[in-house]
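Q: Once you've had a glance at the structure underneath, I'll fire off some questions.
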Amino acid sequence: MPQTPPATEPEPISADPPHRTDRTLLTQSWLDLAFLHWPVEPAEVAPLLPGGTVPDTLDGVTYVGLVAFRMHRVGWFRLPGLPYLGSFPETNVRLYSVDGHGRRGVVFRSLDASRLLPVAVGRWAFRLPYVWSRMSVRNDGTTLTYSSRRRWPGPRGAHSAISVAVGERVDEPTPLEHFLTARWGMHSSFLGRPLYLPNTHPRWPLHRARLVSLDESLLTAAGFPRPLGEPVSVLYSPGVPVRFGGPPRRPYDITVPRQRRAGDG
């Protein structure tokens, strides 16, 4: 299906959420995140996005991200998060998107998680490409290692082993670092219709990181048939608490009281 550009200009990239999340659908924390990113041509990504969205670009380039972290205490609505079933390692392959209302977001090509029940709920309730995998996260001081190997539904054997060394705190993100992390919603489709779920969280505490080792086949399983080489951006964050809202009743509600520059602290 041909992709058409957004009807409005994409929203400004903001370090703070550009909308409220009045109706809380999910609460969770994302902890010990490693962000790895590769540049790709928008034409290569466009067929992998849901209807109603196009690749979001920076200087004519879009990106594919491999993001590994610990999900912590997922909870429904405003109920307390679950300590066991709601806490697990996760690794996702994600793309960057913008819709016809100018809302920037991410599109998940895969979400590997180590708890079967959240995987089943994510696949059934949200039609997200969750996959049950054997996973672990190991912290050896300043080096973190994330590993995963798929169980169900596959492709069986798809795997990742990521090791990063955490470096200095990022006081002022570059335009690229900001573009890749300041994402305030998820684009998907549900029963054939476009779906946008907004999220809010505090500003990212970011550290630059060094890739120690990488062995993965998740990008190929997600639809990228060629090797992408070394990532151009490697970041780490200790994490943030997150709230997801339900689909907006209106196309978009901007509530940011004033514009902030991308690098504002």
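The values are calculated or read from the model by the stated rules, or taken from the named source; none is laboratory data. Everything numeric in this text was worked out from a predicted model, so none of it was measured. Neighbour counts run over all protein chains shown; Cβ positions are idealised from the backbone, glycine included.
Q: Going by the structure shown, is V98 within 26 Å of F179 (Cβ to Cβ), modelled with pLDDT of 95 or more and surrounded by 14 or more Cβ atoms within 10 Å (Cβ to Cβ)? Spell out how you get there, then give the answer.
A: Details: within 26 Å of F179 (Cβ to Cβ): yes; modelled with pLDDT of 95 or more: yes; surrounded by 14 or more Cβ atoms within 10 Å (Cβ to Cβ): yes.
For V98, the condition - within 26 Å of F179 (Cβ to Cβ), modelled with pLDDT of 95 or more and surrounded by 14 or more Cβ atoms within 10 Å (Cβ to Cβ) - is met.
Q: Restricting to the range 161-194, and then to whatever is touching a Pro at 6+ places or on another chain (Cβ under 8 Å) and surrounded by fewer than 19 Cβ atoms within 10 Å (Cβ to Cβ), can you tell me which residue is nearest to V137 (Cα to Cα)?
A: Checking each candidate, the answer is R169.
Q: Return the pair list, or none, for Cβ contacts closer than 7 Å from residues in the range 178-189 that are part of a strand (DSSP E or B) to residues that are modelled with pLDDT under 95 and among the aliphatic types (A, V, I, L, M), at least 6 apart or on different chains.
A: Going by the 7 Å Cβ cut-off, the qualifying pairs are G185/L197; M186/L197; S188/L128; S188/L195; S189/L195.
Q: When the range 48-64 is examined, which residues are found to be at negative phi, in contact (Cβ under 8 Å) with a residue 60 or more places away in the chain and surrounded by fewer than 21 Cβ atoms within 10 Å (Cβ to Cβ)?
A: L48, P50, G51, L58
Q: Pairs needed: first member in the range 233-248, touching a residue at least 24 places away in the same chain (Cβ under 8 Å) and part of a strand (DSSP E or B); second member anywhere, of a type in the set (D, E) and surrounded by fewer than 18 Cβ atoms within 10 Å (Cβ to Cβ); C-beta distance under 8 Å; at least 6 residues apart or different chains.
A: Once the first residue is touching a residue at least 24 places away in the same chain (Cβ under 8 Å) and part of a strand (DSSP E or B) and sits in the range 233-248, its partners that are of a type in the set (D, E) and surrounded by fewer than 18 Cβ atoms within 10 Å (Cβ to Cβ) give G245/D22.
Q: Let me ask something else. Identify, please: which residue in the range 104-140 is modelled with pLDDT of 95 or more, basic (K, R) and under 21 Å from G65 (Cβ atoms) and is, among those, surrounded by the fewest Cβ atoms within 10 Å (Cβ to Cβ)?
A: Of everything passing the filter in the range 104-140, R109 is surrounded by the fewest Cβ atoms within 10 Å (Cβ to Cβ).
Q: Out of the residues in the range 142-160 meeting the condition of being over 15 Å from A34 (Cα atoms) and of a type in the set (G, A, S), tell me which one is surrounded by the most Cβ atoms within 10 Å (Cβ to Cβ). Let's see the steps before the verdict.
A: Quick first cut of the range 142-160, residues over 15 Å from A34 (Cα atoms) only: 149-159.
Of the ones still in play, those that are also of a type in the set (G, A, S) are 154, 157-158.
Values: G154: 11, G157: 10, A158: 20.
In this case the residue turns out to be A158.
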